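In what follows, a single structure is set out as structure tokens and then discussed.
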Amino acid sequence: MEKYIYIIRHGETDLNKLGVMQGRGVDTDLNDTGRRQAEAFYEKYKDVPFDKLYTSTLKRTHQTVKKFIDAGIPWTQYEGLDELAWGIYEGQEATEDIKAIFDNMVKGWNAGELHLKIDKGESPMEVHKRQLKVFEKLIEREDDVKNILVCMHGRAMRLFLCLLMNHPLYEMDRFPHQNTTLYKLKYDGEKFEILEFNNTDHLKYIEQD
């Protein structure tokens, strides 16, 4: 049993463009650039015979893969694919103080302090726990499922790739991303292998705002 998993980050939002923290508590729309990114991804991959489509519960992921949804691909929303919650700083302008708090938090995570979180936010360990349901679904034996498209969020995607590749969560920053970045993986029934790493070839010819 082989499966191919196409994992992409959602398209750009205005908060992305402004560098504002945007976790699972902020449900924003794609901006014009994000819609062009989504269209470019669709045009590149519309002929892949996807059997299933998984997104987070947040509309920026739904909008990114809307044309695949409209094509009738069976679609499931999972809270496990939602972005890490940034708590009290969600939706706030990225001041120097907030940037320093964020940088220190990430340094702590990279040092293995995966329980750390912002007030009213989530830790990497908490995100990992809710991602396990999606992981179990991906490795489920389904003879009629070969290609799965997953649309999620940047920090959560880094943690999810650690889970799939059996890397410790503190190595999350080994997986860079841009809006609509693609990671394509193969699952052979026992382990995952990355076939395409941070692929943004579909974005080469679109106009940026």
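With a Förster radius of 25 Å applied to the C-beta separation of VAL106 and GLU79, the computed FRET efficiency comes to 0.60.
Cα-Cα over 32 Å: which of LYS120/LYS186; LYS66/LYS191; LYS17/LYS107? Result: LYS120/LYS186 exceed 32 Å. Between ARG36, ARG174, ARG155, the residue with the greatest mean-square fluctuation in the GNM of the chain (Cα pairs under 10 Å linked by springs) is ARG174.
Residue exposure proxy: SER123, SER56, ordered by other Cβ atoms within 10 angstrom of their Cβ from fewest to most, comes out as SER123, SER56. Of the residues LEU18, LEU81, LEU114, the one with the fewest other Cβ atoms within 10 Å heads the list, and the complete ranking is LEU18, LEU114, LEU81.
Of the beta bridges in segment 3-203, as assigned by DSSP with both residues counted there, near 50 percent are antiparallel.
Between segment 82-105 and segment 120-185, the C-alpha centres lie 21 angstrom from each other.
Using C-alpha pairs under 8 Å with a sequence gap of at least 6, the mean separation divided by the residue count of segment 1-142 gives a relative contact order of 25 percent. Our coupling estimate for segment 50-59, obtained by passing each phi through the Karplus curve with A = 6.51, B = -1.76, C = 1.60 and θ = phi - 60°, is 5, 8, 9, 9, 10, 9, 6, 8, 9, 5 Hz, Gly and Pro reported as x. Once the Cα-Cα distance is subtracted from the 0.36 nm per residue extended length, the ASP201 to ASP188 segment shows a gain of 2.1 nm. Where is the GNM fluctuation largest for the chain (alpha-carbon springs, 10 angstrom cutoff): LEU84, LEU185, LEU116? Among LEU84, LEU185, LEU116, the largest mean-square fluctuation in the Gaussian network model of the chain belongs to LEU116.
Label separation (GLN92 vs HIS167): 3.0 nm, computed from points 7 Å beyond Cα along the C-beta direction. Dividing the summed helix terms, -39500 (n - 2.57) for each DSSP H run of n ≥ 4, by the number of residues in the chain produces a 222 nm estimate of -10500 deg cm²/dmol to the nearest 500. Here's the list of lysines a cross-link from LYS184 could span, going by alpha-carbon distance under 16 Å and ignoring same-chain residues fewer than 8 apart: LYS3, LYS44, LYS46, LYS52, LYS146.
Quotient of the Cα radius of gyration of the chain and 2.2 N^0.38 Å, N being its number of residues: 0.98. Shape call for segment 164-203 from the C-alpha gyration tensor, a ≥ b ≥ c root eigenvalues: rounded (a/c under 1.5), prolate (a/b greater than b/c) or oblate? Oblate shape, in that a/c is at least 1.5 and b/c is the bigger or equal ratio.
Since every read-out is calculated from the coordinates, none of them should be taken as a lab result. These figures come from a predicted structure and were not determined experimentally. Every residue, glycine among them, receives a Cβ derived from its backbone with ideal geometry; neighbour counts consider all protein chains shown.
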